[in-house]
């Protein structure tokens with residue numbers, strides 16, 4: 001059993017931590033939200049007093065944070081992970097961030113004889129809870145081999161993608177596809193509702209055909225039920241699309257560009273804290289139709 005540190009105890013981080021605890025690993029945790037930190041200690045984790053304290057007491061240090069600036073601050077900042085980590089430790093950075101930021105952090109970390117992996121995840125809160133996330137890993141074969149048993153406590157699919165940054169490039173590809181799927185589901189069900197069809201029946205009719213997808217199966221029912229409780233916040237998906245466009249450089253991503261504009265509009269409307277399935281409300285508002293309410297104006 002390993003001694004692991006875990007920093008980032010939000011919607012995704014806490015259930016991921018709990019799966020490590022259930023597997024029998026010792027976990028030391030720290031976060032700036034006192035209530036979340038107390039809850040994780042109640043779950044069985046040990047309390048750390050700072051990022052560097054967590055690192056000093058751990059063999060493996062996991063971070064699960066909103067974006068690159070937070071990751072750089074937690075790992076490289078004053079009293080950060082790098083200040084406390086011992087030579088030979090391994091940092092497993094599981095946030096969804098710009099691959100170039102992952103590589104910049106890795107350069108600073110590995111110069112101190114500390115390993116680094118970027119290992120973002122897909123699956124949202126439900127799969128974080130049941131330990132069936134898809135995990136995409138970038139880093140050396142050696143570090144991947146050390147981390148794989150721990151990652152399999154949290155994910156049903158753990159794939160080594162290549163060097164540092166490859167994990168986050170794969171996650172950006174994932175996020176493009178997911179956003180496109182949600183937007184397409186929104187347009188399809190808005191059309192179906194406007195034409196007087198029951199969207200439940202539409203989903204049932206098409207889900208086993210070529211249009212079927214995990215997004216349709218998982219998000220379709222919650223969209224129809226108007227349940228936008230966040231499993232993955234819309235503002236974080238906007239951040240991922242922004243990082244995809246920054247990473248693209250001279251690669252043209254026209255659909256992603258349009259989707260980013262849509263998500264920015266929704267965040268500006270105050271919908272950033274909703275689940276990313278609320279992307280569908282963009283089309284609903286344009287059309288004056290609410291999915292599930294046939295021919296009813298919004």
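The values are calculated or read from the model by the stated rules, or taken from the named source; none is laboratory data. From a predicted model like this one, the values you see are computed outputs, not experimental measurements. Every residue, glycine as well, gets a Cβ built from its backbone with ideal geometry; the counts of neighbours run over all protein chains shown.
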TODO: Return yes or no: is residue 118 free of Cβ contacts under 8 Å to residues at least 12 places away in the same chain and within 17 Å of the chain's Cα centre (by Cα)?
DONE: no
Task: Residues located in region 1-33, provided they are out of contact with any helix residue (DSSP H, G or I) (no Cβ under 7 Å at 6 or more places or on another chain), closer than 21 Å to residue 72 by Cα and part of a helix (DSSP H, G or I) - done: 13
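What are the residues in region 71-89 that are outside any loop (DSSP other than H, G, I, E, B) and either free of Cβ contacts under 8 Å to residues at least 60 places away in the same chain or under 17 Å from residue 2 (Cβ atoms) (or both), if any?
Here is the first cut: in region 71-89, the ones outside any loop (DSSP other than H, G, I, E, B) are 71-76, 81-84.
71, 72, 73, 75, 76, 81, 82, 83, 84 - these are the residues of region 71-89 that are outside any loop (DSSP other than H, G, I, E, B) and either free of Cβ contacts under 8 Å to residues at least 60 places away in the same chain or under 17 Å from residue 2 (Cβ atoms) (or both).
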- [ ] Please go through region 34-55 and pick out each residue that is loosely packed, with under 15 Cβ neighbours inside 10 Å, over 20 Å from residue 154 (Cβ atoms) and touching a helix residue (DSSP H, G or I) at 6+ places or on another chain (Cβ under 9 Å).
- [x] 47
- [ ] For region 110-132, enumerate the residues that are at pLDDT below 95 and surrounded by fewer than 20 Cβ atoms within 10 Å (Cβ to Cβ).
- [x] 125, 126
Task: Selected residue (only one of 80, 31 is at pLDDT below 95, surrounded by 18 or more Cβ atoms within 10 Å (Cβ to Cβ) and not assigned by TED's automatic domain parsing to the domain that holds residue 238) - done: 31
Open item on the list: For region 121-145, give me each residue that is without any contact (Cβ under 8 Å) to a residue 60 or more places away in the chain and in a helix (DSSP H, G or I).
Closed with: 127, 130, 141, 142, 143, 144, 145
